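Here is the structure we will look at, set down as structure tokens.
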Amino acid sequence: MSSANTNPRASSGQLRTPGTPPRVSAPARPAQRPTGPGAQTARPAQRPGLIKPAPKAKARKARLLVSKVDPWSVLKMSFLLSVALGIVTVVASFVIWTVLDLTGIFDGVNDLLREIAGSENGGFDLRQFASLPQVLSFATIIAVVNVVLLTALAMLAAVLYNISSTLVGGIGVTLTDD
């Protein structure tokens, strides 16, 4: 059995011989403008080339109320942001220490302290007091403390917001669709 259509009639009702493809009618052509002398008088209100713009749609506005904040999502987000801030703190302390060392600020401060104290052969050396490993370890300690504190404060703020929003109703926000 062959799977070819043996019906001699096409779907449009025309007769078709087996083995020939069905006829497809040509698409309709748009109407042509008349080019005679009466063409200009047919539409005197429009100038050629100008198109009237579509009217702008009204912007939709939605007034929403933030009545509750999920403390778990606040905890996760504040932890990630405070870790990023901690990394920035350590990197910034490294960059600042390197810039101060390359510009000779440590030598200038040591010379100034020697002149003030009046000692020629020793005294206070700023590089021993604020060496790079000490500065980076101090910055790391500060970053870890900041991570813990900022995460705890954000969580506390979310819980306090939820408590106060049950009393007041929350913060109203208006969103618009541009």
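FYI, it's all coordinate maths here, none of it is from the lab. These figures come from a predicted structure and were not determined experimentally. Reconstructed Cβ throughout: ideal geometry from the backbone, glycine too, with neighbour counts over all protein chains shown.
Values as computed for the structure displayed
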quantity: Proximal lysines to K76, defined as alpha-carbon separation beneath 20 angstrom and excluding residues fewer than eight positions away on the same chain; calculated: K68
quantity: Nearest-0.05 FRET efficiency for F138 and E115, computed from C-beta distance (R0 22 Å); calculated: 0.20
quantity: Gain on full stretching of the segment that runs from F94 to T166 - 0.36 nm per residue minus C-alpha separation; calculated: 21.3 nm
quantity: Gain upon complete extension [R60, D177; 0.36 nm per residue less C-alpha separation]; calculated: 41.6 nm
quantity: Whichever aspartates and glutamates have a C-alpha closer than 19 Å to that of K56, once near sequence neighbours (fewer than 8 apart) are set aside; calculated: D177, D178
